[in-house]
Structures are given as structure tokens and as C-alpha cells.
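Here the structure is laid out as C-alpha cells; the discussion comes afterwards.
Each value in this text was obtained by applying a stated rule to the coordinates, not by laboratory testing. In this text the structure is predicted, and so the values were computed from the model without any measurement. Every residue, glycine among them, receives a Cβ derived from its backbone with ideal geometry; neighbour counts consider all protein chains shown.
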Amino acid sequence: MKPSDFIDLNYSPTGKDLICLFRVEPSRGVSFRKAAETVALESSVGTWTDVHEKKYVRKLGAKVFSINRDLIKVAYPEELFEKGNAPNILSSIAGNIFGMKIVRNLRLVDIKIPKDILNSFPGPKYGIKGIRKFMKVKDRPLVGTIVKPKLGLKTKDHAETAYEAWAGGCDLVKDDENLASQKFNKFEERLARTLEKANKAEEQTGEKKAYLVNVTAETKEMMKRAQLVEELGGKYIMIDIVTAGFSALQTLREANFKMAIHAHRAMHAAFTRNEKHGISMMVLADIARLIGVDQLHIGTVVGKLEGSLKEVSEINEEIEKKVVKKTHDRLSQNWGKIKPVISVSSGGLQPGHVPYLMEHLGKDIVMQFGGGIHGHPKGTLRGAIAVRQAVDAVMQKIPLKKFSKNHIELKEALELWEK
Ligand code: CAP
Ligand code: MG
């Protein structure tokens with residue numbers, strides 16, 4: 001097949017095509033059309049020479065069917081992909097193409113997944129409704145913390161810090177992304193001790209408390225650790241979906257443990273941050289929802305990590321809605337039977353950020369405060385109390401400043417961070 005066979009601007013995609021939206025910047029001296037058709041060629045059935053393939057192979061060629069300035073849409077016949085195999089799909093649509101000399105930059109902006117591929121994956125086990133049900137939190141956002149310092153704490157202190165956070169009002173306490181089973185804080189011991197504290201806090205507060213233990217490890221070890229969480233009655237497991245890999249995530253989801261899956265995205269910015277090149281966070285979020293995480297980090301806008309309001313809000317909709325509308329940088333998607341994923345905002349948050357987050361991302365959100373709880377002038381317990389006070393204020397539609405007059409922990413937090 002010639003490169004020009006991979007472009008057909010009269011083509012209308014069928015419901016059986018997987019659609020990709022790419023931003024293309026050709027290399028010097030290369031026409032836009034040439035770069036576009038080469039993207040479709042290399043990501044489907046073509047190569048750099050005409051290999052005189054059989055006629056039936058030609059039908060599987062991807063087609064550029066729309067060009068709008070630097071954005072192109074490419075339709076891939078679904079037969080190109082093995083159903084239920086996320087790495088396989090990505091090896092085509094997000095594979096060799098990023099390294100081709102013919103493009104100076106190439107960005108996979110969004111994907112639209114056809115029904116048959118959607119239905120070959122389980123999607124989230126619980127989704128938003130399921131999580132609210134087992135956590136018994138009806139309509140406010142869930143609040144959580146990350147035990148800090150992120151590494152180095154001994155197991156006993158880790159468990160104690162978690163306990164204080166729960167006692168103060170956190171629903172969730174999670175490990176940090178780089179805590180696994182280091183010498184100073186071994187997995188098995190940490191899991192057992194921290195779950196004991198979760199039970200204690202549940203008894204004391206009458207609220208549900210969950211520990212999001214990080215099971216990220218080599219796949220067999222990861223599965224052993226998840227199994228142990230199930231045996232000890234944990235409610236959640238946490239996995240670093242990028243560093244562990246999509247295959248590991250599929251293995252974990254398809255084991256169908258009772259626990260909900262919390263997805264941390266550490267390393268994503270290596271390929272999502274450069275707007276001209278790589279893979280967008282939107283695409284990573286699509287893959288995570290498809291494979292079936294229950295909650296996913298999507299950014300904060302106001303915190304310590306990069307991510308604009310437009311980007312974070314659009315991802316929030318993409319993972320939480322059943323039918324997602326098209327925008328300039330997003331393709332439409334009907335998620336059908338695939339449940340919604342609850343958005344997690346984390347990174348540099350403190351109680352003063354709660355009104356902004358709830359205004360822009362809604363109530364179906366997990367807000368996590370690491371430094372913003374443990375760095376409270378009076379420590380973790382009061383830091384957690386301050387966060388819950390901020391949530392109460394917003395739920396009661398009272399400005400934080402006003403509410404803080406009668407809520408000392410919130411007042412102390414705002415005095416420290418809202419100067
Ligand atoms: C937050 C956090 C999370 C980031 C990840 C951290 O702690 O534990 O890993 O939120 O980023 O180490 O930064 P702080 P994202 O609350 O102390 O900042 O959610 O954007 O993926
Ligand atoms: Mg972290």
C-alpha cells in the first residue's frame with residue numbers, strides 16, 4: 001500500500017472504528033499530508049516500503065478522515081486490535097509513531113473507543129455509586145490523606161499517623177506512590193497494623209475508614225500482596241498504573257478482588273506534559289477507566305502540580321460521565337456499561353482549596369491532602385479536622401473565613417496557608 005492509501009477525507013467512520021485525535025507537527029520539509037498519512041500507515045498495517053500485501057490486508061488500513069489545522073482524526077478498523085488487550089491497542093495507536101523522523105512532534109490527544117472493544121473490558125468494579133455505598137458517604141466529597149513523610153517512617157509511626165488522620169475525619173488514608181516494602185516499613189506488617197488502626201477509628205467515629213495500601217511491585221508479588229489485603233478484609237488496593245504497566249493493571253483488575261482500585265499516575269507527566277508531543281492525560285484516563293480502576297488522580301489546578309482548569313475539568317467529565325461530549329481537544333464517547341471512575345485531586349492541597357475544587361469539579365471527588373494535613377501547626381489530627389470543617393462549610397454554603405471563626409482548626413490552617 002502507498003502512503004496515500006491511508007488518507008480518505010470522504011470516509012465516514014462506522015461505529016466499529018476506533019478513532020484517534022492526533023496533533024501533528026511535520027518535520028522540516030515534510031508536507032502535513034505526508035506526515036498525517038504516515039502516522040495512519042505506521043500505526044496500522046503499513047511500513048516504509050510497499051510490501052505488496054494481500055488484498056484482504058488492505059481493508060485493515062487506518063484512514064485519516066479529517067484534517068483541521070494541525071489536528072487529524074484517524075479511523076482504525078476494530079479488527080486491528082485484540083479485544084481485552086490494552087497493551088496491544090496501545091502498541092498500534094501509541095507505539096512507533098512517536099519516534100518517526102517524519103514528525104517533529106506528535107501528540108495523541110484523545111481516543112474514542114467502539115462498543116465491542118469497550119465491552120471486552122470490565123471497567124470499574126464499584127464506580128462512584130459503589131464507592132459511596134461501601135464508604136457510606138452520601139453526597140459530600142470523600143477526603144483523604146497520604147501518609148507523610150512519604151518515605152522513611154517506621155511501621156508503627158506510619159500506622160499511628162494514619163490513625164490520627166482517620167480520627168480527625170479522613171475517610172481514606174493512602175500510601176505514597178514510592179512506598180512498597182522497604183526495610184524500614186515492610187508491606188505485610190504495615191498492612192496489618194494500619195488496618196487495625198482503621199478498625200479502631202471506625203469504632204470510635206462511627207464512620208467507614210479505608211486504607212489504600214500500595215501493592216505496586218513485580219506482578220506476581222503484587223498479586224500476592226493484593227491477596228493478603230483481601231484476606232485481611234481491606235477495602236482498597238492502590239497501584240501506580242504507569243510504572244506498574246497496563247498489563248499489570250489488567251491482571252489486578254481481572255482477578256476481581258473485593259477491594260476497590262485506587263490508581264496513582266506517577267510518571268505520567270513524562271509523556272503527558274509536553275502539549276506538542278506524547279500522550280495526553282485524557283488518553284491515560286480513558287485506558288484506566290476501560291481497564292477498570294475505581295478512582296484516578298487527575299490533578300488539582302490550584303495545587304503543586306501542573307494541569308489547567310480546562311484540562312482537569314474535561315478529564316473529570318471524561319471519567320465520570322456516561323456520555324461525553326466532543327470539545328476542541330476531546331472526542332465524544334458513550335461509555336455504555338462501563339461504570340464511572342471517581343476523580344482524585346491531590347498534590348499541594350490544603351483546606352483553603354476546598355471551595356475551589358468543589359465549585360469546579362463537583363462533589364463526586366476525592367480530595368487528598370498530604371502536607372496540607374500533616375503540616376497543620378498542631379499536627380495530623382487537627383489537620384484532618386480542619387479539612388472536614390472546610391468541607392462542612394462548603395456543604396452548608398458558608399464562606400470558609402466566616403466558618404473558621406468558630407472552628408479553630410480551620411482557622412489555624414487558613415492562617416498558615418492563606419496569607
Ligand atoms: C500528594 C502526593 C501525590 C501527588 C501526585 C505527592 O502529596 O502524595 O503523589 O498528588 O500527583 O507526593 O505529591 P501532598 P497527581 O498533598 O503533600 O502534595 O495527583 O497530580 O498525580
Ligand atoms: Mg505522592
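Here are the numbers for the structure shown:
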| read-out | value |
| --- | --- |
| Burial order of peptide ranges 219-226, 296-303 (average beta-carbon count within 10 Å, highest first) | 296-303, 219-226 |
| Computed lengthening from residue 188 to residue 129, 0.36 nm per intervening residue step minus Cα-Cα distance | 18.2 nm |
| Linear extension gain, residue 68 paired with residue 54, 0.36 nm per residue minus alpha-carbon span | 1.8 nm |
| Between region 285-312 and region 378-419, the alpha-carbon center distance in angstrom | 26 Å |
| In nm, spacing of pseudo-spin labels at residue 204 and residue 32 (7 Å Cα→C-beta vector) | 6.2 nm |
| Spacing of the two label points (7 Å from each Cα toward its C-beta) at residue 378 and residue 181, in nm | 4.0 nm |
| Listed peptides 366-372, 108-114 by packing density, highest first (mean Cβ within 10 Å) | 366-372, 108-114 |
| By average C-beta atoms within 10 angstrom, highest first, the peptides 200-212, 177-189 | 200-212, 177-189 |
| Square roots of 5 times each gyration tensor eigenvalue, C-alpha, region 84-151, largest first, Å | 36, 21, 12 |
| Dipole magnitude (debye, nearest 20) for region 100-164, charges at Cβ of Lys, Arg, Asp, Glu | 200 debye |
| Order of 67, 131, 146, 97 - criterion: other Cβ atoms within 10 Å of each residue's Cβ, fewest first | 67, 97, 146, 131 |
| Distance (nanometres) between label positions extended 7 Å along Cα→Cβ at residue 337 and residue 254 | 1.7 nm |
| Base-10 log of normalised Debye intensity for region 1-138 (one unit scatterer per alpha-carbon) at q = 0.17 Å⁻¹ | -0.89 |
| DSSP beta bridges in the chain [antiparallel fraction, %, rounded to 5] | 45 percent |
| FRET efficiency, 1/(1 + (r/R0)^6) with R0 25 Å, evaluated for residue 220 and residue 16 via beta carbons | 0.10 |
| Size-normalised alpha-carbon gyration radius of the chain, reference 2.2 N^0.38 Å | 1.06 |
| Span per principal axis, largest first, for the Cα atoms of region 213-289 (Å) | 46, 20, 18 |
